[in-house]
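The values are calculated or read from the model by the stated rules, or taken from the named source; none is laboratory data. Predicted model, so just to flag it, every value in this text is computed and none were measured. Every residue, glycine among them, receives a Cβ derived from its backbone with ideal geometry; neighbour counts consider all protein chains shown. These area figures cover heavy atoms from the full protein model, side chains too; ligands, DNA and RNA do not enter into them. Shrake-Rupley method; radii C 1.70, N 1.55, O 1.52, S 1.80 Å.
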Amino acid sequence: MEVESVMVTGANRGIGLEFVSQLVKLSKPPRIVFATYRNESAVQDLKDIQEKYKETQIVLIQMDISKMSDIESAKNIVDEKVGEKGLNLLINNAGVLKYLGFPEITVENMLFHFTTNTVGPVMVLKVMLPLLQNSAAQKTSGMNVSRAAVINISSLMGSINELTDAHPKKFLQLIGYRTSKAALNMAMRVAALTIKDQGILVVNMCPGWVKTDMGSDQAMLEPSESISTMLNTFPNLNECHHGTYLDRNGNIILF
């Protein structure tokens with residue numbers, strides 16, 4: 001996989017941090033990785049990677065994806081660095097999860113999830129779109145991550161088709177998270193079909209159940225395994241995958 005510039009949201013921990021860690025170790029790493037974080041107190045791991053791997057310029061950006069002013073500021077930083085080449089790859093990863101089921105569910109819990117898991121990624125794509133368009137304009141045909149792409153980190157829990165009576169009852173306690181991911185899948189499919197003639201590949205992808213603060217230590221996958229599989233899948237993505245909902249291996253998940 002050859003990409004010039006990558007932006008990873010929510011990069012200071014879990015899946016986002018592992019993306020940054022593995023991107024800089026590629027045989028042909030990106031020239032620039034923009035790694036966003038929300039809290040200044042939680043960036044030491046990113047700084048360690050930044051110090052160790054000099055071939056890639058890692059630009060740390062403080063950005064709360066629930067705040068449009070933060071997203072706009074981040075866009076200006078990215079634009080200044082990439083110039084006319086634009087942004088090559090956006091990995092919309094930042095997300096939140098809190099357990100609360102029905103009928104205990106509250107307005108606050110639902111909005112907590114929708115604001116970060118649905119509205120935030122859509123707004124990030126909206127603001128970064130001109131930079132992705134600039135990258136897409138560098139080539140004249142096809143869709144792939146080396147031209148311009150958006151990978152939205154979704155979840156199998158956002159699939160209505162996957163939720164059956166056989167599903168573990170524990171995961172019914174994630175109504176806010178599940179619905180926000182289902183909404184993300186739809187929102188990004190709408191975006192994908194809207195900009196399908198612009199050469200920007202848009203894909204929703206489930207990383208699997210990963211051992212992170214969000215996924216818990218009960219999860220099945222180590223972050224390294226999940227991310228390495230996704231990075232191996234990325235080069236195989238093309239216009240046939242535009243607007244689809246995939247697992248980490250590139251298999252289609254029904255919405």
Legend entry - Subset of region 164-214 [open to solvent by less than 10 Å² (accessible area, probe 1.4 Å), in contact with a Phe, Trp or Tyr (Cβ under 9 Å, 6 or more places away or on another chain) and either without any contact (Cβ under 8 Å) to a residue 24 or more places away in the chain or over 20 Å from Met123 (Cα atoms) (or both)]: Leu174
Inset, instruction - For Leu129, state whether it is open to solvent by 10 Å² or more (accessible area, probe 1.4 Å), under 28 Å from Ser226 (Cα atoms) and either at pLDDT below 95 or not charged (D, E, K, R) (or both). - result: yes
Legend entry - Condition met for Ile252 (out of contact with any Cys (no Cβ under 6 Å at 6 or more places or on another chain), surrounded by fewer than 13 Cβ atoms within 10 Å (Cβ to Cβ) and modelled with pLDDT of 95 or more): yes
Legend entry - Scope region 99-134; condition in contact with a Leu (Cβ under 8 Å, 6 or more places away or on another chain) and either in a loop (DSSP other than H, G, I, E, B) or basic (Lys, Arg) (or both); matching residues: Tyr99, Gly101, Phe102, Thr106
Inset, instruction - Mind counting the residues in region 1-49 that are within 15 Å of Ala74 (Cα to Cα) and basic (Lys, Arg)? - result: 1
Inset, instruction - Looking for whichever is without any contact (Cβ under 8 Å) to a residue 60 or more places away in the chain and open to solvent by 10 Å² or more (accessible area, probe 1.4 Å) here; the options are Asn134, Asn144, Asn161. Which one fits? - result: Asn134
Inset, instruction - Among what's in region 215-233 and is among the acidic types (Asp, Glu) and over 21 Å from Met1 (Cα atoms), pick the residue that is least open to solvent (accessible area, probe 1.4 Å). - result: Glu222
Inset, instruction - Could you tell me whether region 93-109 includes any residue that is farther than 28 Å from Glu18 by Cβ, in contact (Cβ under 8 Å) with a residue 40 or more places away in the chain, open to solvent by 10 Å² or more (accessible area, probe 1.4 Å) and not polar (S, T, N, Q)? - result: yes
Legend entry - Total residues in region 46-77, condition part of a strand (DSSP E or B) and open to solvent by less than 60 Å² (accessible area, probe 1.4 Å): 4
Inset, instruction - From the list Ser154, Ser141, Ser224, pick out the single residue that is out of contact with any strand residue (DSSP E or B) (no Cβ under 6 Å at 6 or more places or on another chain) and under 23 Å from Leu17 (Cα atoms). - result: Ser224
